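Engineer: One structure is given below, represented as structure tokens, and several questions about it will come after.
The values are calculated or read from the model by the stated rules, or taken from the named source; none is laboratory data. Since this is a predicted model, take the numbers as computed values, not measurements. Methodologically, a virtual Cβ is constructed for each residue, glycine included, from the backbone with ideal geometry; neighbour enumeration extends over all protein chains shown.
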Ligand SMILES: C[S@@+](CC[C@H](N)C(=O)[O-])C[C@H]1O[C@@H](n2cnc3c(N)ncnc32)[C@H](O)[C@@H]1O
């Protein structure tokens, strides 16, 4: 029996339209941020005080008419301050996110592979039909560089100086000469920083992304470190000989097709007194809790479909944890199930990640 259609609530129609077109606005502004970064416009504005579009065009060698349209849009979006009289200024507060390469808050890198992220979307209807997603190499070399730009400054500014000293006994072992691995190492910035700081220790990076491994080799050569080796985890995985003093996994367990198998490999690879240091996305155990309390939920689900869950389903039988899937509750259960007995959560003022120090 057909049910009576519910009467339409005009207030909800209005709010729904605003919400939907608000996301379209976000898409458009994101594309403009991508351009501002790619063309060096934020860099040119950073510390320059109020400028006109003519001045900015002259400084960057770009066409004034394009700059004028872009910068007016940036002012309308509340990113650049309009000072009146056709003068525009990038404030130092916004510059921290978009221009200041020494800022730990620099986040503009997340926009740097926007075209590649969006191009992947065209391939996702097929993934919805087959169930099989795309690994990180689907985004091309820009994908690996984009991730490097998202996380790189955190590794450069905090990993060695602030984070490792909080882990029980890790720094003294690395100073004396230890064996360490970073799994899902991406472009290797975390390892380069550790290899520079602890020349007595041997570091190993593992990833399955050819683009990430190629970029990691570049970063290693540029840094001139000799105590660092990268491995293609598909053909040369972590040895399960209880030889590692430190294993790190930064933002990658939830991306893996077989995360629980990886956890048992880590268990076998680590020394009895070794440390496994995990960074993974801050999320709450249930969908309801995330919906209510996690302001990142909308974005995290989008990133999951476009990247993390897709990667975690990129082989048949993949676990498909996805961006929100390796939260503290899952991490505690999975590590305990593999035989780890000690689990300490740390928070290192990162809005995206939670950190877990895990030991046998
Ligand atoms: C979000 S990125 C993080 C990269 C890096 N840890 C960082 O923080 O910049 C996730 C990485 O995990 C890698 N990955 C996924 N599955 C993997 C596996 N089974 N073994 C090793 N790496 C894997 C991906 O290729 C990708 O480079």
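Engineer: Which condition number does residue 116 fail, the rest of (1) within 20 Å of residue 351 (Cβ to Cβ); (2) within 17 Å of the chain's Cα centre (by Cα); (3) away from the ligand (no atom under 13 Å from the Cβ) being met?
Structural biologist: Status for residue 116: all satisfied but (1).
Engineer: Restricting attention to the stretch 227-256, report how many residues are within 11 Å of the ligand (Cβ to nearest atom), surrounded by fewer than 21 Cβ atoms within 10 Å (Cβ to Cβ) and in contact (Cβ under 8 Å) with a residue 40 or more places away in the chain.
Structural biologist: Looking only at that region, the number is 3.
Engineer: Quick check on residue 144: is it more than 30 Å from residue 242 (Cβ to Cβ), outside any loop (DSSP other than H, G, I, E, B) and free of Cβ contacts under 8 Å to residues at least 24 places away in the same chain? Full working, then the answer.
Structural biologist: Numbers: more than 30 Å from residue 242 (Cβ to Cβ): yes; outside any loop (DSSP other than H, G, I, E, B): yes; free of Cβ contacts under 8 Å to residues at least 24 places away in the same chain: no.
So residue 144 fails the test.
Engineer: Read through the list (1) within 23 Å of residue 144 (Cβ to Cβ); (2) without any contact (Cβ under 8 Å) to a residue 60 or more places away in the chain; (3) out of contact with any helix residue (DSSP H, G or I) (no Cβ under 8 Å at 6 or more places or on another chain), then give the number of the only condition that residue 332 fails.
Structural biologist: (1)
Engineer: Looking at the stretch 169-179, is at least one residue within 19 Å of the chain's Cα centre (by Cα) and either modelled with pLDDT of 95 or more or within 18 Å of residue 149 (Cα to Cα) (or both)?
Structural biologist: Scanning the stretch 169-179, I find no residue that is within 19 Å of the chain's Cα centre (by Cα) and either modelled with pLDDT of 95 or more or within 18 Å of residue 149 (Cα to Cα) (or both), so the answer is no.
Engineer: Can you pull out every residue in the stretch 107-118 that is surrounded by fewer than 21 Cβ atoms within 10 Å (Cβ to Cβ) and in a loop (DSSP other than H, G, I, E, B)?
Structural biologist: Of everything in the stretch 107-118, just one residue is surrounded by fewer than 21 Cβ atoms within 10 Å (Cβ to Cβ) and in a loop (DSSP other than H, G, I, E, B), namely 107.
Engineer: Going by what's in this entry, would residue 182 be described as more than 13 Å from the chain's Cα centre (by Cα), away from the ligand (no atom under 11 Å from the Cβ) and outside any helix (DSSP H, G or I)?
Structural biologist: Details: more than 13 Å from the chain's Cα centre (by Cα): yes; away from the ligand (no atom under 11 Å from the Cβ): no; outside any helix (DSSP H, G or I): yes.
Taking the combined requirement at face value, the residue does not satisfy it.
Engineer: Within the stretch 200-226, how many residues are within 9 Å of the ligand (Cβ to nearest atom) and either outside the structural domain of residue 151 (by TED's automatic domain parsing) or at positive phi (or both)?
Structural biologist: Looking only at that region, the number is 0.
Engineer: Also, I was wondering about something else. Evaluate the stretch 178-197: report whether one residue or more is in contact with a strand residue (DSSP E or B) (Cβ under 7 Å, 6 or more places away or on another chain) and surrounded by fewer than 15 Cβ atoms within 10 Å (Cβ to Cβ).
Structural biologist: Among the residues of the stretch 178-197, not one is in contact with a strand residue (DSSP E or B) (Cβ under 7 Å, 6 or more places away or on another chain) and surrounded by fewer than 15 Cβ atoms within 10 Å (Cβ to Cβ), which makes the answer no.
Engineer: From the list 257, 249, 229, exactly one residue is in a strand (DSSP E or B) and touching a helix residue (DSSP H, G or I) at 6+ places or on another chain (Cβ under 8 Å). Which is it?
Structural biologist: 249 is the lone residue from the list that is in a strand (DSSP E or B) and touching a helix residue (DSSP H, G or I) at 6+ places or on another chain (Cβ under 8 Å).
Engineer: Hey, could you check the stretch 76-93 for residues that are more than 15 Å from residue 55 (Cβ to Cβ) and touching a strand residue (DSSP E or B) at 6+ places or on another chain (Cβ under 8 Å) and say which is surrounded by the fewest Cβ atoms within 10 Å (Cβ to Cβ)?
Structural biologist: 91
Engineer: Among (1) in contact (Cβ under 8 Å) with a residue 60 or more places away in the chain; (2) within 16 Å of the ligand (Cβ to nearest atom); (3) surrounded by 21 or more Cβ atoms within 10 Å (Cβ to Cβ); (4) part of a helix (DSSP H, G or I), there is one condition residue 133 misses while meeting the rest; what is its number?
Structural biologist: (4)
Engineer: Sticking with this structure for a sec: Please work out if residue 75 is within 19 Å of residue 112 (Cα to Cα) and touching a residue at least 12 places away in the same chain (Cβ under 8 Å).
Structural biologist: no
Engineer: Does any residue of the stretch 294-307 turn out to be over 28 Å from residue 158 (Cα atoms), in the same structural domain as residue 276 (by TED's automatic domain parsing) and part of a loop (DSSP other than H, G, I, E, B)?
Structural biologist: The answer is no; no qualifying residue exists.
Engineer: For the stretch 270-305, how many residues meet the condition of being away from the ligand (no atom under 12 Å from the Cβ) and surrounded by fewer than 22 Cβ atoms within 10 Å (Cβ to Cβ)?
Structural biologist: Selection size over the stretch 270-305: 24.
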